[in-house]
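This report refers to the structure that appears directly beneath it.
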């Protein structure tokens, strides 16, 4: 009897130890540049999206925009991985035709205009391995200056399928059409 009580007690201790270990899982802290998504149509009431961008949102944190997204250099258009832009049907970007598919979104910032690049290279970290030979399309988009500053890099689509990029007081609009 003593032996079976000992075995039962030992089994209970082992079970408690295992359940404590399972609950001790460590989770990563919140990313400093959290992921976000922008889509067109933007309304959640419209289930059939034509465009979706998944990107990470770096913060200025008292740093100069020119240091984070330098002019005249290919930028990953956010943080971490290069954003993925999915076109669910053939579209035109600033008048240039692009087939439906998944692409990476790169940009080359400038004072007066940005170059918007869709690349067939997907699932890439940053712009370190960017290869111009894999560009699907490049278009220019004018820079405007807003009165209000955005702390976090942001992408949003308006009701006319224009993708707006904004960070600090810089704003860039990229029109999409069917």
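Considering the range 150-178, and only residues there that are more than 20 Å from the chain's Cα centre (by Cα) and touching a residue at least 24 places away in the same chain (Cβ under 8 Å), the residue that is farthest from residue 97 (Cα to Cα) turns out to be 159. Residue count for the range 86-136, restricted to those that are loosely packed, with under 15 Cβ neighbours inside 10 Å and touching a helix residue (DSSP H, G or I) at 6+ places or on another chain (Cβ under 9 Å): 1.
Could you pull out the residue among 127, 149 that is at pLDDT below 95 and more than 21 Å from residue 49 (Cα to Cα)? Give the steps one after another, and end with the answer.
Numbers: 149 fails: at pLDDT below 95.
Going through 127, 149 in turn, the sole match is 127.
Listed here are the residues, each with its yes/no results for (1) in contact with a strand residue (DSSP E or B) (Cβ under 9 Å, 6 or more places away or on another chain); (2) in a loop (DSSP other than H, G, I, E, B); (3) at pLDDT below 90.
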{"site": "10", "(1), (2), (3)": "no, no, yes"}
{"site": "18", "(1), (2), (3)": "no, no, yes"}
{"site": "25", "(1), (2), (3)": "no, yes, yes"}
{"site": "33", "(1), (2), (3)": "yes, yes, no"}
{"site": "36", "(1), (2), (3)": "yes, no, no"}
{"site": "42", "(1), (2), (3)": "yes, yes, yes"}
{"site": "54", "(1), (2), (3)": "yes, no, no"}
{"site": "61", "(1), (2), (3)": "yes, yes, no"}
{"site": "71", "(1), (2), (3)": "yes, yes, no"}
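Selection of the range 114-148 for residues being touching a residue at least 40 places away in the same chain (Cβ under 8 Å), assigned to a strand (DSSP E or B) and within 19 Å of residue 68 (Cβ to Cβ) yields 114, 116, 117, 125, 141.
The values are calculated or read from the model by the stated rules, or taken from the named source; none is laboratory data. Treat the numbers as computed from the prediction; the structure is a model and nothing was measured. Note that we place each Cβ from the backbone using ideal geometry, even for glycine, and neighbour counts take in every protein chain shown.
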